[in-house]
Amino acid sequence: MANTNLANAKTAKNDEFYTQYPDIQKEINAYLDYDPNVFRGKTVLLPCDDPEWSNFTKFFAQNFELLGLKKLISTSYAPESKKYKMPYQPTLFETSQPYFDNDKSKTHGKIFVLERDVTGDNRINIEDLQWQYLEGDGDFRSKEIRKLRDEADIIVTNPPFSLFREFVAWIMEAGKQFVIIGTMNAISYKEIFPLLINNKMWLGNGFHNGNAYFRVVNEREYAEGVYDAETGLVKFRNCCWFTNIDHGRRHQPLKLMTMAENFKHSKHKEIRERKKYLHYENYDAIEIPYTDAIPSDYDGVMGVPASFLDKYCPEQFELLGMCENLDLYSLKTKVYSSNECKEAYLKKFGKKGTYDLNASGVLKIDGQLEKVYQRLLIRKKQ
């Protein structure tokens, strides 16, 4: 259900998900543990933000001196420019300023900057944030925000789910470091997966137990079982952090059993009972349905679940491609004809239809062609 609501949010352009402070703190601490100076002397940009509400702004402002930042910039998007319309009420923080403009508050974005002690208390923190209206609506694609991007060293944010591809391209165009949130489904995008293969992007430290909880503005948009009225949070299982900043977890190799040990001791019944790994019909690779069932003594190509990326150690494995329709990575050994797809559908379901066998890895089980879920193709490094 969570995945469905995330997809619905993307379709409706509902991008109003506010990240929790502990999740930001946990993620940023993982980079600091690996390199305590990773943010020192850097300018951090938080685009696509709502600084008055944002925990991103709060976290980096409160920890400005601890992180050793040079400058913090946070920008918001004008309420009237958002695709997903909601009632707008300016905050007291905004209306209490002498330069508050009721019309601009709806049509212009805002920029918050922190770089020096303004209050005179010999500290640089959230009390020293200075803001003003942007010339435009704050769209990250605008010339105004692009200029801020070019000034920054590191970009950190929860970008609009509906514009994730475009936002990543926007970062890559400028060659910046980044820590951003996105849906796990993004790994299958043809614009994103090559970045993972070429080690230009990888998964971050991650949400606690893989559960991401966001504060939302309008709880009525979420189905029962996802939105928790008690906490005011909505839960997603398929969200993750994407980054190109190193962290220790990324370099921890998976502890694996041999094939023989998996057949004897695997906690997965289908591995123990089958006593062999099935080979794909359309890829020269074996099917590994669970990350913890990857054999340590197999040197060929393996198809593993997309969740493997959360455990991917580039010193241990090579990421080759994925099972997909267009053969973008030149790994397919067979392409099924339309007639073969129709015949497979008839045999499986007993009625006419078509079975899109080319979009995934295919196994032959008891004489029947069976598609598997999304698989990444990997190989153990020698």
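The values are calculated or read from the model by the stated rules, or taken from the named source; none is laboratory data. On a predicted model such as this, the values are computed, not experimentally measured, just so you know. Every residue, glycine as well, gets a Cβ built from its backbone with ideal geometry; the counts of neighbours run over all protein chains shown.
Identify all residues within segment 171-197 that are part of a loop (DSSP other than H, G, I, E, B) and either touching a strand residue (DSSP E or B) at 6+ places or on another chain (Cβ under 9 Å) or surrounded by 21 or more Cβ atoms within 10 Å (Cβ to Cβ) (or both); write none if there are none.
Applying the first criterion (part of a loop (DSSP other than H, G, I, E, B)) to segment 171-197 yields 175-176, 189-192.
Listed by number, the residues that qualify are LYS176, ILE192.
Which condition number in (1) out of contact with any helix residue (DSSP H, G or I) (no Cβ under 8 Å at 6 or more places or on another chain); (2) at pLDDT 95 or above; (3) crowded, with 21+ Cβ neighbours inside 10 Å is the one that TYR77 fails?
(2)
Looking at segment 4-28, which of its residues are at pLDDT 95 or above and under 16 Å from ILE155 (Cα atoms)?
ILE24, GLN25, GLU27, ILE28
Six or more apart or on different chains, Cβ atoms under 6 Å: show the pairs whose first residue is in segment 332-348 and without any contact (Cβ under 8 Å) to a residue 12 or more places away in the chain and whose second is surrounded by 15 or more Cβ atoms within 10 Å (Cβ to Cβ).
Here the result reads TYR345/TYR355, each pair linking segment 332-348 to a residue that is surrounded by 15 or more Cβ atoms within 10 Å (Cβ to Cβ).
What about VAL335, is it of a type in the set (A, V, I, L, M, F, W, C) and surrounded by fewer than 14 Cβ atoms within 10 Å (Cβ to Cβ)? Spell out how you get there, then give the answer.
Numbers: of a type in the set (A, V, I, L, M, F, W, C): yes; surrounded by fewer than 14 Cβ atoms within 10 Å (Cβ to Cβ): yes.
When the stated conditions are applied, VAL335 passes them.
Just to verify a result, which residue in segment 150-162, among those that are surrounded by 19 or more Cβ atoms within 10 Å (Cβ to Cβ) and not β-branched (Val, Ile, Thr), is nearest to LEU69 (Cα to Cα)?
The initial filter retains those residues of segment 150-162 that are surrounded by 19 or more Cβ atoms within 10 Å (Cβ to Cβ), namely 152, 154-161.
In the following step, the residues that additionally are not β-branched (Val, Ile, Thr) were identified as 152, 158-161.
Working: ALA152: 11, ASN158: 20, PRO159: 22, PRO160: 25, PHE161: 28 Å.
Among those residues, the one meeting the criterion is ALA152.
Residue-by-condition table, conditions (1) modelled with pLDDT under 95; (2) of a type outside the set (Gly, Ala, Ser):
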{"position": "GLU287", "(1), (2)": "no, yes"}
{"position": "GLY303", "(1), (2)": "no, no"}
{"position": "GLU324", "(1), (2)": "yes, yes"}
{"position": "LYS334", "(1), (2)": "no, yes"}
{"position": "ASN339", "(1), (2)": "no, yes"}
{"position": "VAL362", "(1), (2)": "no, yes"}
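Looking at (1) in contact with a Gly (Cβ under 7 Å, 6 or more places away or on another chain); (2) farther than 30 Å from SER337 by Cα; (3) at pLDDT 95 or above; (4) of a type in the set (D, E, K, R), which one does ARG237 not meet, given that it meets all the others?
So ARG237 meets the others, but not (3).
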